[in-house]
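S.K.: What follows is a structure written as structure tokens; I'll ask about it next.
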Amino acid sequence: MSDEADPRLRRTLAAAGLPPTGRYLLKAGWVSRAWVGDEYVVRLSDGRIRDAYDHEARVVDLLSGSAVPHARHIAHGDGPDGPWSVSERLPGRTLHDAWPSADPSLRRAMIESLGAALRALHGVPVPDDLMPPWLADALKGGSWPAYHPPVVHAMLQLVEDARRSPTHDPRLLADVADWIGERLPLFTAEHHVLVHGDLHGSNVMVDGDRVTGIIDFAEALAQPATAELDTILRWCARPSEFPPTPDARGLDGPSLAEVPGWLHGAYPELFEREHLRERLDVHDLFVELAIAAHHPDPEVRDVAWGRVAHLLSGHNHLDGLVW
């Protein structure tokens, strides 16, 4: 819907030094609302994710001059309506929106373009300590939002967090600690790269067969590149868990079956890691254990505990994927 008259939008444009004119369409998100205009995208956060726009601006600055397709940052700040950010509008629409009507050849071309974009992203020099402020707070004992990008060095800390859960299984957690201890040496000499941290269809812009931008770097951090692959493969295996908004639906699972193989062909280095399956399992365990230890919904925690036990038995969502 047209929403250019919204006073919050007009105040944000004024704060960014932009004229409060033009046509904007309001779009909902998980923790923000966005107004999409002809030239700019204006976002207003609900404040749950601390310093998300500051962090995103820092990451976009790292991308300057690189081959990574991304939206130029215009301005950000805090105002009477909450944290805000303005960036340029990229051509096209999200991969999530473009996917259902695309034929197999177009889908393959989009994923091959994404592979090239990811190779460029993982080649950008990144500080070893790059981490979203909200995630750093969570690892120090603060509150956790619903999604937790994997952080290898925090694995054993999560075990201790989980032990404080009233529904934890002490024997299962003992097995988890042993399992982690056996696999952490795989990452001892691991090179960290710039990882998007939440890479799925809603965070990729496409125009025809070309990726015009990777967007929403609020979760970006320095981690092994396999952490990126873990998120992508989870999206392919369980797309219903990646809807663009809380009241929307994820993509159809079978439609993503070819994505891992296409991505492998476009970015083979991402898959050519020794002990790849074990590395991916470690990232997956982090995500499930963080949910089991911290999610506010007991039913969601129960599902995560079940997945943790399933993973320790040697199985998870990767079993059904071909790459």
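S.K.: Report the calculated FRET efficiency for S313 and R89 (r = Cβ-Cβ distance, R0 = 56 Å), to the nearest 0.05.
M.R.: Details: r = 47 Å, r/R0 = 0.84.
Computed FRET efficiency for S313 and R89: 0.75.
S.K.: Where only protein heavy atoms count, and the probe is 1.4 Å, what is the accessible area per residue for the chain in Å²?
M.R.: 45 Å²
S.K.: How big is the charge dipole of segment 197-323 about its Cα centre, in debye rounded to the nearest 20, if each Lys and Arg gets +1 on its Cβ and each Asp and Glu gets -1 on its Cβ?
M.R.: 120 debye
S.K.: Follow-up. Tell me, what is the 1.4 Å probe accessible area of V42, in Å² to the nearest 10?
M.R.: Result for V42: roughly 0 Å² accessible.
S.K.: Relative to the present Cα-Cα distance, how much length would full extension add between S105 and L156 at 0.36 nm per residue of separation?
M.R.: Going from the current span to full extension adds 14.0 nm.
S.K.: When all protein chains stay in place, what accessible area (Å², nearest 10, 1.4 Å probe) is found for R163?
M.R.: Its heavy atoms expose roughly 100 Å² to the probe.
S.K.: Also, I was wondering about something else. Once you have the Cα-Cα distance between S66 and A136, take 0.36 nm times their residue separation minus that, and quote the gain in nm to one decimal.
M.R.: Working it through step by step, the gained length comes to 22.5 nm.
S.K.: May I ask you to order 223-229, 115-121 by the average number of other C-beta atoms within 10 Å around their residues, highest value first?
M.R.: Packing proxy ranking, top to bottom: 223-229, 115-121.
S.K.: Moving on. Using 7 Å Cα-to-Cβ label points, what is the D38/D129 separation (nm, one decimal)?
M.R.: Placing both labels 7 Å along Cα→Cβ, they lie 4.5 nm apart.
S.K.: Of the listed peptides 267-276, 199-208, what is their order by residue-averaged count of other C-beta atoms within 10 Å, with the highest listed first?
M.R.: Most protected by this proxy first, the peptides run 199-208, 267-276.
S.K.: Sticking with this one: At 0.36 nm per residue, minus the direct Cα-Cα distance, what do T167 and T21 gain on full extension? Give it in nm, one decimal, please.
M.R.: 47.2 nm
S.K.: Sticking with this structure for a sec: Quick one: order D129, D51, D6 from most to least accessible surface, probe 1.4 Å.
M.R.: My answer, sorted largest first, is D129, D51, D6.
S.K.: While we're on this one: Rounded to the nearest 500, what is the 222 nm mean residue ellipticity of the chain from helices alone, with -39500 (n - 2.57) per DSSP H run of 4+ residues and division by all residues? Don't skip to the end; give the middle numbers.
M.R.: Working: 11 runs with 129 residues, N = 323.
Taken over the chain, the calculation gives -12500 deg cm²/dmol.
S.K.: Calculate the dipole size of the chain relative to its Cα centre from +1 charges on Lys and Arg beta carbons and -1 charges on Asp and Glu beta carbons; express the result in debye to the nearest 20.
M.R.: So the dipole magnitude of the chain works out to roughly 520 debye.
S.K.: Please state, rounded to one decimal and in Å, the Kirkwood hydrodynamic radius that the chain gives when every pair of distinct Cα atoms enters the mean of 1/r.
M.R.: Averaging 1/r across every pair of different Cα atoms and inverting gives 20.5 Å.
The values are calculated or read from the model by the stated rules, or taken from the named source; none is laboratory data. Just so it is clear, the structure is predicted and the values come from calculations on it, not from any experiment. Here Cβ is always computed from backbone atoms with ideal geometry, including for glycine, and neighbour counts include all displayed protein chains. Just so you know, the surface numbers come from the protein's heavy atoms only, side chains and all, with ligands and any DNA or RNA stripped out. Shrake-Rupley method; radii C 1.70, N 1.55, O 1.52, S 1.80 Å.
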